[in-house]
């Protein structure tokens, strides 16, 4: 599941990388973390929000979720 999410996030980030995207990256990152936590809670039949059982460090370091705001930015490839 995390691999599928990462492919989608990286594809989206590569497509929309030109311009100021920091705010959008943070919003998308927050949404992805929340959805992954809800899916993990559903999968393991946990009734909580999942923030204590699945903290950010667990999602990023153990599961390997991509963090868009920390992603290295490519210089603009646009030519005038």
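Give, to the nearest whole percent, the P(r) tail of segment 2-70 beyond 16 angstrom, counting all Cα pairs.
Working: 1119 of 2346 pairs.
Roughly 48 percent, rounded to a whole number.
Go ahead and estimate [θ] at 222 nm for the chain from helices alone: -39,500 (n - 2.57) per DSSP H run with n ≥ 4, summed, over the residue count, rounded to 500.
Mean residue ellipticity at 222 nm (helix-derived): -15000 deg cm²/dmol.
Distance in nm between label sites at residue 49 and residue 31, each 7 Å beyond Cα in the beta-carbon direction?
Simple spin-label model gives 1.9 nm for this pair.
Going by average Cβ neighbours within 10 Å, how do the peptides 36-45, 11-20 rank, with the highest at the top?
Numbers: 36-45: 13.8, 11-20: 11.4.
My ranking of the peptides, most packed first, is 36-45, 11-20.
How tilted is helix 22-43 with respect to the longest principal axis of the chain? Cα atoms for both, answer in degrees (0 to 90, nearest 10).
20 degrees
Each reported figure results from applying straightforward, stated rules to the coordinates on display, with no laboratory input. Treat the numbers as computed from the prediction; the structure is a model and nothing was measured. We place every Cβ from the backbone using ideal geometry, glycine too, and count neighbours over all the protein chains shown.
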